[in-house]
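Visitor: My questions will all concern the structure given below.
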Amino acid sequence: MDSYDASESTPRQSTSSRPEDYFIGATFLQKRLESVRKQTSFIPTPPRRKIPHCSQLQEDVDPQKVAFLLHKQWTLYSLTPLYKFSYCNLKEYSRLLNAFIVAEKQKGLAVEVGEDLNIKVIFSTLLGIKGTQKDPEAFLVQILSKSQLPSENREGKVLWTGWFCCIFGDSVLETVSEDFTCLPLFLANGAESNTAIIGTWFQKTFDCYFSPLAINAFNLSWMAAMWTACKMDHYVATTEFLWSVPCSPQSLDISYAIHPEDAKALWDSVHKTPGEVTQEEVDLFMDCLYSHFHRHFKIHLSATRLIRVSTSVASAHTDGKIKVSLNNLVK
């Protein structure tokens, strides 16, 4: 099986295997980098954002790898800079991480990589997935199951995948010395127990720190507006919003689905600044949706909390889960 035919399933693990249970403690270096870590989240959002155009950097993108990243649910983490990380040592990192996983399994930890731990770890670069020439190259880490048949030379299925990237990170890169590689966004797909073990290895090896990255309602609104603004030849899904209503004894969710062409027409009617998106336009876009919903159902969505947006381009949830469907968004 080709290594890019990964299973999309992400099994739920018990609370004892949550990544945050492993990502604890901070060295002096980590504390010193706390200010950098705070800059790597989606917050704060600037009052306006330029719409990026196609870059020559995209000519280096491997279409097969980009396709592999699509249609999977990724869990987001912020990450402090990696100390003494080198792209020249990716093969060595593969060997060391493989040995670390084996060692953790021998300790009796629940690493879901097969009964006999017949696995292979691969580090590889993701060329072209960057905003500017200054951004460090993104890289991919995969855990593959080895084929059990002696005559089979191909890799088995992908058990876990994670990738590290930096897109338009100029403001963060200015604060980091040359001994550090700044890849502030980490995305993981696979069992949480594997994410925890791999995160622990990175922390020990590169003196970095992972933090779960939630997406608040404010930034979900920005995502909804910018994804709606994307020009598409055809739409494959409705534009859908999910709001949470705080009530007792349990919360109530409200789903609001809109035809994607209607959502695009609404955005075009409020978008007045070519080449960029402003906070005023995002607010007006959402206010129009609120007004339309209230006119039909007499419910004030502004009193609820937006927790998920889903479009033909991508979807995102407030708990830090994201899925990309359009390859132009990855690149």
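The values are calculated or read from the model by the stated rules, or taken from the named source; none is laboratory data. Values in this document were obtained by computation on a predicted structure and should not be read as measured data. Cβ atoms come from the backbone with ideal geometry, glycine included; neighbour counts cover every protein chain shown. Surface areas here come from the heavy atoms of the whole protein model, side chains and all, with no ligands, DNA or RNA. Shrake-Rupley method; radii C 1.70, N 1.55, O 1.52, S 1.80 Å.
Visitor: Does the range 173-181 include one or more residues that are part of a helix (DSSP H, G or I) and modelled with pLDDT under 95?
Guide: At the first step, the residues of the range 173-181 found to be part of a helix (DSSP H, G or I) are 173.
Add one more test, that the residue is modelled with pLDDT under 95, and what stays is 173.
Yes, the range 173-181 has at least one match.
Visitor: Give the range 86-139 a look and list any residue that's open to solvent by 30 Å² or more (accessible area, probe 1.4 Å), in contact with a strand residue (DSSP E or B) (Cβ under 7 Å, 6 or more places away or on another chain) and at pLDDT 85 or above, or say none.
Guide: 87, 98, 120, 122, 125, 137
Visitor: For the range 198-230, how many residues are surrounded by 22 or more Cβ atoms within 10 Å (Cβ to Cβ) and not in a helix (DSSP H, G or I)?
Guide: Residues meeting the conditions: 4.
Visitor: So which residues in the range 79-108 are closer than 14 Å to residue 195 by Cβ and of a type in the set (S, T, N, Q)?
Guide: None - no residue of the range 79-108 is closer than 14 Å to residue 195 by Cβ and of a type in the set (S, T, N, Q), so the list stays empty.
Visitor: Assuming residue 164 fulfils every condition listed in (1) more than 24 Å from residue 78 (Cα to Cα); (2) at pLDDT 85 or above apart from one, which condition is it?
Guide: (1)
Visitor: Residues in the range 156-166 that are within 12 Å of the chain's Cα centre (by Cα) and not in a strand (DSSP E or B): how many? Walk me through it before giving the result.
Guide: Residues of the range 156-166 within 12 Å of the chain's Cα centre (by Cα): 161-166.
Next cut, not in a strand (DSSP E or B) only: 166.
Residues flagged as within 12 Å of the chain's Cα centre (by Cα) and not in a strand (DSSP E or B) within the range 156-166 amount to 1.
Visitor: Can you say whether residue 144 is among the hydrophobic types (A, V, I, L, M, F, W, C), farther than 17 Å from residue 89 by Cα, surrounded by 20 or more Cβ atoms within 10 Å (Cβ to Cβ) and over 18 Å from the mean Cα position of the chain (by Cα), as far as the supplied structure shows? First the steps, then the outcome.
Guide: Numbers: among the hydrophobic types (A, V, I, L, M, F, W, C): yes; farther than 17 Å from residue 89 by Cα: yes; surrounded by 20 or more Cβ atoms within 10 Å (Cβ to Cβ): yes; over 18 Å from the mean Cα position of the chain (by Cα): yes.
Yes: the conditions hold for residue 144.
Visitor: Given the conditions (1) crowded, with 23+ Cβ neighbours inside 10 Å; (2) outside any helix (DSSP H, G or I), and given that residue 195 satisfies all but one, which numbered condition is not satisfied?
Guide: (2)
Visitor: Now for a separate question. Quick check on residue 153: is it open to solvent by less than 10 Å² (accessible area, probe 1.4 Å), among the polar types (S, T, N, Q) and either closer than 23 Å to residue 64 by Cβ or modelled with pLDDT of 90 or more (or both)?
Guide: Values: open to solvent by less than 10 Å² (accessible area, probe 1.4 Å): no; among the polar types (S, T, N, Q): yes; either closer than 23 Å to residue 64 by Cβ or modelled with pLDDT of 90 or more (or both): yes.
It is false that residue 153 is open to solvent by less than 10 Å² (accessible area, probe 1.4 Å), among the polar types (S, T, N, Q) and either closer than 23 Å to residue 64 by Cβ or modelled with pLDDT of 90 or more (or both).
Visitor: If residue 177 satisfies every condition in (1) closer than 12 Å to residue 79 by Cβ; (2) surrounded by fewer than 24 Cβ atoms within 10 Å (Cβ to Cβ) but one, which is the exception?
Guide: (1)
Visitor: Using beta carbons and a limit of 9 Å, which pairs, at least six apart or on different chains, have the first residue in the range 155-171 and assigned by the TED database to the domain that holds residue 98 and the second one among the aromatic types (Phe, Trp, Tyr) and part of a loop (DSSP other than H, G, I, E, B)?
Guide: Final answer for the pair search is 158/4.
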